[in-house]
Amino acid sequence: LRFPDLAKRLSIALQEILALLGPTIKGAIYLVERGRLVLKVEDGFSPIFLALGRDVPMDACSWVGAPAETCTPWEGTDRITEALRREGVMAWTSLPLLVEEKLEGILLLANSRATLTGEDTSRTLRAMVDHVAVALHHSRLYAESRERMARLITLREIDQAIAAQLPLEGVIKVVLERVHLHMKTDAVGLSLIDWEKKRTLFAHLR
């Protein structure tokens, strides 16, 4: 939790989990984004696996969200299980990352051997996955708070420009600069409309 950056948190979490499980285990953390599983961090997988299994539709993976069980790669037809087959994996498992009972992602573990973990290690692993879910939740709250603060700062600076009685061109310049600075956009534009003439008066881009 010392690192607010989500990618850093997930990377640390995965490394700690793999250190617990041993050198033959491969791991990956996926997050749910717009109905898809998107790979965020991984360790040990080949370029072939990454090419096939980096971004897949959730509805194609019937095993997502199910109680964690050790599986064989031949039980599914989605791109992740196909990638596991090509990887030579003999046993794998998927553990859900749940935040307030909502599925936010999965931890995928795989082994070229026929087993993954013993019962004692499995209990520890489930506890660690809960910690990963908490770290994920905190990171998203932090990001949302920063976005809200950026919007408030932008609005305040626009208010100050208007209160300073700048000419319209000056106010628009402030708007474009502040939005571009605080809201992490690639580009921003603003135009005014003359409704009587049904045309734009001018357009400014940054």
* Just give me the residues in the range 173-195 being surrounded by 16 or more Cβ atoms within 10 Å (Cβ to Cβ) and farther than 18 Å from ARG151 by Cβ, in sequence order. => LYS173
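If you go through the range 124-176, how many residues are assigned to a helix (DSSP H, G or I) and either touching a Lys or Arg at 6+ places or on another chain (Cβ under 9 Å) or of a type outside the set (A, V, I, L, M, F, W, C) (or both)?
Keep residues of the range 124-176 that are assigned to a helix (DSSP H, G or I), which gives 124-163, 168-176.
Okay, now just the ones that are also either touching a Lys or Arg at 6+ places or on another chain (Cβ under 9 Å) or of a type outside the set (A, V, I, L, M, F, W, C) (or both), so 124, 126, 130-132, 135-140, 142, 144-148, 150-151, 153-161, 169-170, 173, 176.
The number of residues fulfilling the criteria is 32.
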* Asked: Which members of the range 65-104 meet the condition of being within 17 Å of ILE29 (Cβ to Cβ) and modelled with pLDDT under 80?
  -> GLY65, ALA68
* Cross-chain or 6+ apart pairs with Cβ under 6 Å, the range 2-14 first and within 22 Å of GLY44 (Cβ to Cβ), then among the hydrophobic types (A, V, I, L, M, F, W, C) -> ARG9/PHE3; ARG9/ALA135; LEU10/ILE29; LEU10/VAL41; SER11/VAL41; ALA13/VAL132; LEU14/ILE29; LEU14/VAL41
* Where residues in the range 105-161 are open to solvent by less than 40 Å² (accessible area, probe 1.4 Å) and closer than 17 Å to LYS8 by Cβ, which of them is modelled with the lowest pLDDT? -> SER139
* Applying the selection to the range 24-57, what residues are charged (D, E, K, R) and more than 21 Å from ARG113 (Cβ to Cβ)? -> GLU33, ARG34, ARG36, LYS40, ARG54, ASP55
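The values are calculated or read from the model by the stated rules, or taken from the named source; none is laboratory data. Every value quoted in this text rests on a predicted model; they were computed, and no experiment measured them. Here Cβ is always computed from backbone atoms with ideal geometry, including for glycine, and neighbour counts include all displayed protein chains. Quick note on the areas: whole protein, heavy atoms, side chains included, nothing else; ligands and nucleic acids left out. Shrake-Rupley method; radii C 1.70, N 1.55, O 1.52, S 1.80 Å.
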